[in-house]
Amino acid sequence: MSEQFDIYDEALRHIGVKSRHATHRDGDWHQVFHCWVIGRGRDGGEFAILQIRDDDKDMYPGKVDISAAGHLEAGESVADGVREIEEELGLRVKFEDLVPLGRRLGISRYRDMIDCQICHVFFYECSQSLADYNYRIEEIAGLLKLPLDTGMSLLSGEVDNVMAEAVGLGADRVAIGAEDFIPNVDHYALKALILAKRYFAGEKHLYI
């Protein structure tokens with residue numbers, strides 16, 4: 001049986017349940033869980049862990065994406081989404097250890113799919129080595145460790161490409177450009193990196 005999603009109207013009122021295929025076909029609003037894993041190295045350098053989507057994914061194959069993300073199935077709570085962090089990255093995380101960043105509305109079209117997401121967004125601070133991640137090779141081609149300042153320079157258009165530490169991609173460091181990221185009209189990845197800088201600066205009021 002295919003995944004079933006709760007769907008919502010434009011005022012985010014629950015209006016029913018649909019299959020994954022029908023939800024993306026009809027462009028219905030549905031809930032997803034997003035976690036950006038961020039850390040600080042021994043040298044004080046701040047970074048984000050990003051995944052490269054597998055080439056077999058039905059949407060945006062091979063693109064740079066959030067650390068861990070997934071759909072909430074019908075009847076699930078936001079807290080249930082924490083399973084995605086372990087399933088995708090091998091990290092056992094308690095929901096209360098996440099830093100809530102609020103709710104983001106994301107809209108995109110990929111081929112014949114219309115993806116209207118109600119995104120529940122979080123940070124999780126983790127400074128373990130990139131090589132120690134036990135990521136899900138069936139869905140993730142590899143991982144990147146992107147310094148926050150470097151990523152902001154790239155995504156703001158200051159530079160065309162940057163080098164990032166990598167695992168699973170055939171080299172210890174790889175070049176990436178802004179075009180390698182999943183496209184978003186609201187500059188989502190850039191905003192997340194900016195918020196991460198504010199988090200490490202000690203700010204408490206963070207909202208995506």
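All of the numbers you see were taken from the coordinates with simple rules; none came from a lab. Here the structure is a predicted model, which means the values were calculated and not measured. Neighbour counts run over all protein chains shown; Cβ positions are idealised from the backbone, glycine included.
The alpha-carbon atoms of the chain, seen along their principal axes, cover 50, 36, 32 angstrom, with the largest extent given first.
Return a whole-number percent for the relative contact order of the chain, with Cα pairs under 8 Å and 6 or more residues apart as the contact set. The value is 22 percent. Of the two radii for the stretch 139-208, the radius of gyration is 0.99 times the Kirkwood radius, both from the alpha carbons; that is the Rg over Rh value. One chain, two ends: residue 92 and residue 4. Fully extended at 0.36 nm per residue, the span grows by 29.2 nm beyond their Cα-Cα distance.
Could you list the square roots of 5 times each eigenvalue of the Cα gyration tensor of the stretch 39-86, that is, the equivalent ellipsoid semi-axes, sorted largest first and rounded to whole Å? Display every interim value, and only then the final one.
Working: eigenvalues 125, 69, 8 Å².
Taking √(5λ) for each Cα gyration eigenvalue gives 25, 19, 6 Å.
If I model the stretch 76-194 as equal point scatterers sitting on the Cα atoms and use the Debye formula, what is log10 I(q)/I(0) at q = 0.14, 0.20, 0.21 Å⁻¹? Per q value, in the given order, log10 I(q)/I(0) is -0.75, -1.51, -1.56.
First select every other residue whose beta carbon is under 10 angstrom from the beta carbon of residue 16; then total the charges, Lys and Arg +1, Asp and Glu -1. Show your work: numbers first, answer last.
Details: positive: 18; negative: 6, 9, 28.
Once all neighbours under 10 Å are counted, the net charge is -2.
Using 0.36 nm per residue, how much length does the chain from residue 19 to residue 180 gain when fully extended, once their Cα-Cα distance is taken away? Walk me through the intermediate numbers first.
On the way: separation 161, 0.36 × 161 = 57.96 nm, distance 2.94 nm.
My answer for the length gained is 55.0 nm.
On a 0 to 90° scale, report how tilted helix 188-200 is relative to the longest principal axis of the chain, with both axes built from alpha carbons and the result rounded to the nearest 10. Taking Cα atoms only, the helix is inclined about 60 degrees. Its DSSP H runs of at least 4 residues, each contributing -39,500 (n - 2.57), put the calculated 222 nm mean residue ellipticity of the chain at -4500 deg cm²/dmol, to the nearest 500. Once the chain from residue 79 to residue 139 is taken as fully extended at 0.36 nm per residue, the excess over their C-alpha distance is 19.4 nm. When the pairs 18/204; 57/191; 94/145 are compared against a 27 Å limit on Cα-Cα distance, 18/204 fall above it.
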